[in-house]
Structure formats: structure tokens, C-alpha cells
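Report on one structure; see the data block that follows.
The values are calculated or read from the model by the stated rules, or taken from the named source; none is laboratory data. Values in this document were obtained by computation on a predicted structure and should not be read as measured data. All Cβ positions, even for glycine, are placed from backbone atoms using ideal geometry, and neighbour counts span all protein chains on display. With ligands, DNA and RNA removed, areas are computed over all heavy atoms of the protein, side chains included. Shrake-Rupley method; radii C 1.70, N 1.55, O 1.52, S 1.80 Å.
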Amino acid sequence: MATVSATPLDSSTPGQPGRMPHAVVMMLLIIIAAVALTYIIPSGEYQRTPKGVVVAGSYHTVPKDFAALAPKTVKVAGAAVPASPVAIVGSIPTGMTRSATLIFMILFIGGMFGVLQETGALDTGVDRLLAVTGGNAVIVVPVFMILLAAGSTFLGLISEYLVIIPLALVLSDRLGYDALFGTAMVTVAAKIGYLTSVTNPLALAIAQPIVGVPVFSGALFRAVTFAIFLPIGIWYVLRSRRDKAPEIGTLVYEGIPRARSIGPMSAESRHVAMLAPPRRPGSGAVARQRRSRLSARQIGVLFVLFASIVVMVLGVQQLKWSNPELAAMYIVVAIVIALVGGVGSREASQAFVRGMQGMMLAGLLVGLASAVEVILKDGMILDSIVAFLTRSIEGKPPVIVANLMMMMQMVIDVFIPSTSGKAAVTMPILGPIGQLAGVSGQVTVQAFLFGNGLMNTLTPTSGMLLAYLATGKVSFGRWIRFILPLATGLLVLCSVALTIAVFTGL
């Protein structure tokens with residue numbers, strides 16, 4: 001393992017002014033903005049069914065009780081209270097508590113991968129894969145992304161892919177590319193899968209019944225969009241390949257010093273160096289073949305890893321597992337990997353803790369993103385935002401309404417990143433509006449899927465996106481610069497697809 005000093009992600013570098021703030025600072029700024037909005041936006045709410053689904057046409061404003069902010073003042077019954085300045089920090093523990101099961105799942109994923117790294121099976125397995133394919137990224141990357149996108153679009157896998165990012169980083173490192181490339185392989189594939197959602201149960205099982213269409217109906221149209229969008233995403237990731245930044249300073253791998261280059265070493269290079277296995281003398285096909293020989297224990301470890309992925313999918317789909325069950329599963333998998341891989345109890349424990357430490361930022365960002373939603377809900381302005389946006393699309397032609405629905409979903413996604421939560425809030429309202437405008441329920445669902453999927457690749461309030469980036473050690477600013485051209489192109493294609501859907505009577 002490389003011995004290097006840690007550098008915080010997004011830390012400022014002399015001579016490089018104007019960099020994006022650290023992800024934690026950015027989330028704190030968003031929390032401050034959310035507190036300010038509770039004073040500016042009128043409060044209001046919809047009535048809801050016992051299952052949390054909004055009752056269309058039930059929106060009503062709620063008066064704000066500013067006096068309740070003063071100490072020892074009794075709150076007026078039925079009134080909304082703007083968030084106090086204390087909520088800027090007070091909402092963070094609440095948000096982390098509400099997301100506790102997801103945060104612990106993220107930490108245990110890191111711990112499990114820490115134990116996996118200790119066995120050396122992952123590094124050797126990736127070397128073996130590259131030896132078989134000749135190290136050809138044009139073969140490896142499309143296959144990798146197709147498998148991930150299929151799991152996302154057909155099964156609704158998204159948070160589960162956090163477990164894949166360390167593998168993608170090692171694969172990217174072996175191919176000679178930077179951490180952004182590895183993170184993008186997973187993120188772009190997963191997000192395009194969610195954008196198209198051919199049979200994604202998390203989105204369709206809630207959205208389609210609300211607007212009165214059968215669950216999973218319209219799958220052929222969504223499959224066509226999947227077949228068009230995914231190759232574009234793969235091409236975009238491949239064309240963005242960048243060699244790893246030069247590693248500056250002397251890194252020692254098992255006592256073997258590496259060459260020194262000119263200039264300061266980036267945080268990303270440190271991260272890739274720490275993930276990379278010890279480099280030994282030798283190069284070329286013979287050395288690669290020698291390094292890629294898997295021992296019997298390593299083969300067993302990889303079998304356990306792939307078996308755990310199958311169990312995870314079956315558990316989510318058939319047994320309705322959620323974050324607590326998945327978190328427990330990752331603990332069990334870590335123990336089994338240690339036993340099969342021959343890792344001692346002390347070494348395994350230390351590796352598990354190191355892996356959890358690597359996921360601390362991802363877990364913190366998920367909690368901070370949840371704090372934003374806590375503030376907006378407690379200030380009773382989320383429903384007001386939805387009501388305002390829906391009024392802006394009424395009375396327009398069907399094609400315009402369909403596209404405005406997609407844009408509205410993109411705006412709402414900033415405030416409600418949860419796919420199921422957004423469906424429960426918006427679909428009961430948009431369904432009747434679409435019918436009056438001549439837009440079918442199927443097209444309304446399509447607009448919801450497109451808007452949800454597109455914005456989830458961009459919004460800083462998406463805890464899962466931030467967790468992906470934090471796991472890959474990719475700054476949010478760098479990600480936005482990378483993904484914005486692809487997201488813009490997909491937005492145009494989604495608009496064209498919605499227009500076709502309206503005219504063909506989908």
C-alpha cells in the first residue's frame with residue numbers, strides 16, 4: 001500500500017483561484033439557502049391519503065407564524081413556522097438520523113471493500129480481466145456499463161452500485177485513466193438506466209397506478225429510448241478518457257520508490273495511488289500474465305463477491321429488502337470474505353475500519369442532503385413550490401404541456417430528489433392536468449421519468465449522486481463540467497421523444 005499523506009478533496013491549491021468549494025461547504029450553503037426560502041415562499045400544503053399520496057386540488061395556503069421564532073412563544077395552531085437560523089446546524093443531526101440506515105449501509109459497503117482489498121483478489125481479478133481482453137477499453141468499458149445500466153433500468157438498482165465504484169476505480173487505474181473515468185463508468189450507466197426505466201419497479205410501481213395506467217405498460221417505448229441513450233452515454237465516457245495525472249513526489253510501494261515528477265501532487269492522484277496495488281518490476285504481456293494469476297483463495301473471494309451481488313438483487317426484488325437488511329448483508333459478506341481469503345481477524349477488522357473511513361464523506365453528504373428536505377418540509381414550502389409549478393403549465397397545447405411537465409420535474413427534483421417521493425407528490429396533480437390538455441397518462445409518466453433521471457445527474461441535493469462522487473473522490477465542480485454536455489444532449493433527445501410520444505398517442 002502506498003504511503004502518502006492525505007489531502008482533503010477539493011482543497012485549494014496555490015495559484016488556482018476560483019475553484020468550487022468543498023462538497024461539505026457547498027451543502028452548507030444550500031442549507032442556508034433553504035432556510036432563507038422558508039421566509040420568502042408562502043407556506044401551504046396538500047391533503048394526503050394514508051399512503052402519503054397527494055389529493056389533487058386540495059392545496060391550500062397556510063399562514064406563517066413569525067412570532068413563534070421568539071423564545072418562549074406559543075406556536076399558533078395550524079400555522080407554519082419559518083426555519084430559525086439555528087436550523088442551519090440543527091437540521092443536520094435530524095437529516096442524518098432520517099438517513100441513518102442509508103448512511104450505515106454506505107459505511108458498511110466501504111468496510112466490506114476494505115476487507116476485499118486486503119485479500120488482493122480484486123486487483124488480481126481486474127488484472128486477469130485485462131489480460132483476457134488485451135487491456136482494450138473499447139471492449140471492457142461497454143460491457144461493464146451495459147451490465148450496470150441493465151440492472152438500473154430493469155431492476156431499479158442505484159444505491160447498490162456504490163459497492164461497484166471501488167471496482168471501477170481499480171479498473172480505470174489499470175486501463176491508465178483517472179478517477180473521473182472510473183466514477184463516470186458507473187454513474188452514467190446507472191443514471192441512464194434510471195432515466196429510461198424500462199421496468200424499474202421503484203419508479204413505475206408508484207407513478208403508473210396513480211395516473212391510471214397498468215404497471216410496466218409502455219415498456220417498448222422506454223426500451224427504445226434505452227437502446228438509443230445508452231450507446232450515446234458509453235461513447236461519451238470513452239471519448240472523455242484522460243490519462244492519470246502525473247504522480248508527484250516519491251511514493252513507496254513495499255520499499256520500491258517511484259519516480260519524482262515536477263509540481264504538486266493532486267488529491268485525485270493520491271486517491272488512485274492508495275487504491276492501486278503494489279507495482280513490481282516488469283512490464284509487458286509476460287508481467288501482466290504473471291500478476292493476473294488468481295490463487296484458489298482469491299477465486300473463492302471473487303465467487304463470494306459475485307454471489308453476494310446475486311443475493312442482494314434477489315433480496316431487494318423478492319424479499320423487499322431495504323437499507324437495514326443490505327447493511328447487515330455487507331457485514332456478513334465482509335466476514336465471509338475474510339474467512340475465505342485467509343485474512344486474520346485483526347487484519348480484517350483494521351481493513352474494515354479503514355474502508356469505513358473512506359466512506360465517511362459519502363455518508364456525511366447524504367445526511368446533509370437530507371437536512372435540506374427536512375428544512376423545506378418543516379417550513380411547509382415544498383407543496384407550495386409544486387402548486388406554483390403546476391399552475392404554470394395549465395391550458396397549453398399537449399406537446400408544450402408534456403415538455404413543461406418534464407422541466408417541472410427537473411425543478412422539483414432539486415427539492416425532492418427521491419424518485420418515489422416525487423412520484424407520490426407530483427403524479428396525482430399532473431395526471432388530471434395532462435388529461436385536460438390531451439396528454440395521456442403514459443406520456444405523463446414518461447415526462448416524470450425523463451425529468452427525474454436528467455436532474456439526478458446534476459443536482460447537488462441528490463445524496464446518492466454526492467455519495468457516488470465522494471466515493472470516487474471526484475469534486476462536484478469537476479463532475480458538472482464533465483456531465484453537462486451529455487445531460488444537455490440527452491435533454492434534447494428526451495424532448496424529441498416526448499413530442500413523438502404525444503403525436504403517436506403513447
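Quick grid of which residues meet (1) at pLDDT 50 or above; (2) assigned to a loop (DSSP other than H, G, I, E, B); (3) under 24 Å from the mean Cα position of the chain (by Cα):
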| site | (1), (2), (3) |
| --- | --- |
| T250 | no, yes, no |
| I262 | no, yes, no |
| M265 | no, yes, no |
| E268 | no, no, yes |
| H271 | no, no, yes |
| P277 | no, yes, no |
| G300 | yes, no, no |
| V343 | yes, yes, no |
| R346 | yes, no, no |
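Conditions first: (1) open to solvent by 10 Å² or more (accessible area, probe 1.4 Å); (2) at pLDDT 85 or above; (3) out of contact with any Asp or Glu (no Cβ under 8 Å at 6 or more places or on another chain). G421 passes all but one, so which condition is the exception?
Among (1) open to solvent by 10 Å² or more (accessible area, probe 1.4 Å); (2) at pLDDT 85 or above; (3) out of contact with any Asp or Glu (no Cβ under 8 Å at 6 or more places or on another chain), G421 violates only (2).
Which of the residues spanning segment 472-483 are at pLDDT 90 or above and open to solvent by 10 Å² or more (accessible area, probe 1.4 Å)?
R478, I480, R481, F482 - these are the residues of segment 472-483 that are at pLDDT 90 or above and open to solvent by 10 Å² or more (accessible area, probe 1.4 Å).
I'm told P324 meets every condition in (1) under 16 Å from M96 (Cα atoms); (2) surrounded by 15 or more Cβ atoms within 10 Å (Cβ to Cβ); (3) not hydroxyl-bearing (S, T, Y) except one. Can you identify the failing condition by its number?
Result: P324 fails condition (2) only.
Would you mind finding the one in L465, L469, L506, L498 that is over 16 Å from the mean Cα position of the chain (by Cα), surrounded by 17 or more Cβ atoms within 10 Å (Cβ to Cβ) and modelled with pLDDT under 95?
It is L506.
I want to confirm something. Restricting to segment 29-44 and keeping residues that are within 29 Å of the chain's Cα centre (by Cα) and touching a residue at least 40 places away in the same chain (Cβ under 8 Å), which single residue is most open to solvent (accessible area, probe 1.4 Å)?
I32
Restricting attention to segment 394-406, which residues are surrounded by fewer than 20 Cβ atoms within 10 Å (Cβ to Cβ) and touching a residue at least 24 places away in the same chain (Cβ under 8 Å)?
Within segment 394-406, E394, G395, K396, P397, P398, V399 qualify.
May I ask you to list the residues in segment 104-149 that are closer than 20 Å to L326 by Cα and of a type in the set (G, A, S)?
If the condition is that a residue be closer than 20 Å to L326 by Cα and of a type in the set (G, A, S), then G110, G111, G114 are the ones that fit.
Within segment 314-341, how many residues are in contact with an Asp or Glu (Cβ under 9 Å, 6 or more places away or on another chain) and either modelled with pLDDT under 90 or closer than 17 Å to G110 by Cα (or both)?
So the count comes out to 6.
With F113, F154 as the choices, which residue is open to solvent by 20 Å² or more (accessible area, probe 1.4 Å) and part of a helix (DSSP H, G or I)?
Going through F113, F154 in turn, the sole match is F154.
Look through I416, I375, I400 and report the one residue that is within 25 Å of the chain's Cα centre (by Cα) and modelled with pLDDT of 90 or more.
Selected residue: I375, the only one of I416, I375, I400 that is within 25 Å of the chain's Cα centre (by Cα) and modelled with pLDDT of 90 or more.
Regarding V443, is this residue assigned to a helix (DSSP H, G or I), within 24 Å of Y236 (Cα to Cα) and at pLDDT 90 or above?
In short, no.
Just the residues that are over 24 Å from D127 (Cα atoms) and touching a residue at least 60 places away in the same chain (Cβ under 8 Å), please, taken from segment 299-327.
M312, V313, V316, Q317, S322, N323, P324, L326, A327
Take the conditions open to solvent by less than 10 Å² (accessible area, probe 1.4 Å), in contact (Cβ under 8 Å) with a residue 24 or more places away in the chain and not small (G, A, S) and apply them to L458. Does it pass?
Spelling it out, it is not the case that L458 is open to solvent by less than 10 Å² (accessible area, probe 1.4 Å), in contact (Cβ under 8 Å) with a residue 24 or more places away in the chain and not small (G, A, S).
For the condition closer than 30 Å to R242 by Cα and among the aromatic types (F, W, Y), what is the one hit in F476, F448?
Of F476, F448, the one residue that is closer than 30 Å to R242 by Cα and among the aromatic types (F, W, Y) is F476.
Could you list, ordered by first residue, the pairs with Cβ atoms under 6 Å in which the first is in segment 46-57 and free of Cβ contacts under 8 Å to residues at least 24 places away in the same chain and the second is of a type in the set (S, T, Y), at least 6 apart or interchain?
Q47/S58
For segment 351-384, name all the residues that are in contact (Cβ under 8 Å) with a residue 40 or more places away in the chain and charged (D, E, K, R).
R354, E373, D378, D383
Restricting to segment 312-321, name every residue that is aliphatic (A, V, I, L, M) and surrounded by fewer than 17 Cβ atoms within 10 Å (Cβ to Cβ).
V313, L314, L319
Quick one: how many residues across segment 96-110 are open to solvent by less than 10 Å² (accessible area, probe 1.4 Å) and at pLDDT 90 or above?
0
When G367 is evaluated against the numbered criteria (1) part of a helix (DSSP H, G or I); (2) over 23 Å from I30 (Cβ atoms), which criterion, by number, is the only one it fails?
Of the numbered conditions (1) part of a helix (DSSP H, G or I); (2) over 23 Å from I30 (Cβ atoms), the odd one out for G367 is (2).
Among the residues that make up segment 72-79, is at least one of them open to solvent by less than 20 Å² (accessible area, probe 1.4 Å) and assigned to a helix (DSSP H, G or I)?
No.
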